[in-house]
Amino acid sequence: MKYDLSNKTVIVTGANSGIGKAASIQLAQIGAQVVMMCRSKERGEQALQDVRVAAKSENVELMLVDMSSQGSVRKAADEFLSRHKRLDVIIHNAANFDHRQTKPVMTVDGLENVFATNHVNIVLLSQLLLDTLKASAPSRIITVASKGLITYPFLDIDFNNLAGEKKFSMQHAYYQSKQAQVMFTFDLAERLKGTGVTVNCVRVGNVAIPDTRLDHLPKFLLKMYEMKRKFALTPEKMAETYTWLAADPSLDHVTGGYWDAPNVPVKANKNAYNRETQMRLWNITEEKFKK
């Protein structure tokens, strides 16, 4: 099916490389006004030019945001709202999975940076833009989780270790934040029923990582990634799921879904469906917002 997003406005976070950049190209190619939200001005400006050329579209713009900082998120939301009257889709693609990090790093807001970037500030950005999403309905929120969650079938939210205060590993911090995103998807979908705003989550699989993001790794890990890459999806292929969730008209009323690929629904682990945990996570997340 040839999708058409003419006159639609779409935000893609983490859009300067990988799946986010590939999705920006695909969405611009089908007529969307694409707002690429990126942390780095230099890399963002280069990606903006690349996307405009590849998509043959000038309807692409750059906004800077550091998703680890609530002040930066609020500023980006204000900037977006000052420029745009509507928002049809937001794709929460940005995430922190820095293998070099071996201990907790605290943000300016006093939060552990993986949980802040991959969960808390995604919730914040969604809330700041929610009135505009509702006014633009039917509209869509797309969150991003990881197929790696399959390797943690009993993972739950450890509310006593959200800042890595008991123990910290990047693997655990990352997957806990992604489990939180799955729970947020299911919870928000329920809360927004009847508003015309849908919420769905993509389960990103093994996607080829560009060499520039691997240059800090030791040789044995580089060899592992080389082997893994042989079986990896391209960012362009994975981005097709983002584009499908953003653009397919048959999904106007589909909400609370978890998707592996277009038309391939999957199940999260049992804990992700626990309403009590979802609501506790919601409340604790909101408490972390700096007023």
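Taken together, the residues in region 128-161 that are under 18 Å from Asn271 (Cβ atoms) and under 19 Å from the mean Cα position of the chain (by Cα) amount to 8.
Scanning region 96-116 for residues that are surrounded by fewer than 23 Cβ atoms within 10 Å (Cβ to Cβ), closer than 30 Å to Ala28 by Cβ and not polar (S, T, N, Q) gives Phe97, Asp98. Does Gln70 fit the bill of being more than 20 Å from Thr195 (Cα to Cα), touching a helix residue (DSSP H, G or I) at 6+ places or on another chain (Cβ under 9 Å), surrounded by 15 or more Cβ atoms within 10 Å (Cβ to Cβ) and at pLDDT below 95? Against the criterion (more than 20 Å from Thr195 (Cα to Cα), touching a helix residue (DSSP H, G or I) at 6+ places or on another chain (Cβ under 9 Å), surrounded by 15 or more Cβ atoms within 10 Å (Cβ to Cβ) and at pLDDT below 95), Gln70 does not qualify. Would a scan of region 129-145 turn up a residue that is crowded, with 21+ Cβ neighbours inside 10 Å, among the charged types (D, E, K, R), more than 20 Å from Val105 (Cβ to Cβ) and touching a residue at least 40 places away in the same chain (Cβ under 8 Å)? Checked against the condition, which is being crowded, with 21+ Cβ neighbours inside 10 Å, among the charged types (D, E, K, R), more than 20 Å from Val105 (Cβ to Cβ) and touching a residue at least 40 places away in the same chain (Cβ under 8 Å), region 129-145 yields at least one hit.
Among the candidates Thr132, Thr185, Thr102, the residue that is out of contact with any helix residue (DSSP H, G or I) (no Cβ under 7 Å at 6 or more places or on another chain), under 19 Å from Val12 (Cα atoms) and not acidic (Asp, Glu) is uniquely Thr185. Filtered by the rule that a residue be among the polar types (S, T, N, Q) and over 11 Å from Gln179 (Cα atoms), region 256-285 gives Asn263, Asn274, Thr277, Asn283, Thr285. Taking region 1-97 as the region of interest, the helices (runs of 4 or more DSSP H) fully inside it that hold 3 or more residues being touching a Pro at 6+ places or on another chain (Cβ under 7 Å) are 18-29. When you check Ala239 against the structure, is it surrounded by 15 or more Cβ atoms within 10 Å (Cβ to Cβ) and modelled with pLDDT of 95 or more, yes or no? The answer is yes for Ala239.
Just the residues that are farther than 22 Å from Asp98 by Cβ and modelled with pLDDT of 60 or more, please, taken from region 217-236. Once the filter is applied, which keeps residues that are farther than 22 Å from Asp98 by Cβ and modelled with pLDDT of 60 or more, region 217-236 yields Thr234, Glu236.
The values are calculated or read from the model by the stated rules, or taken from the named source; none is laboratory data. Note that the coordinates shown come from a computational prediction; the quantities given were computed from them, not determined experimentally. So basically every Cβ, Gly included, is an ideal-geometry build from the backbone, and we count neighbours across all protein chains shown.
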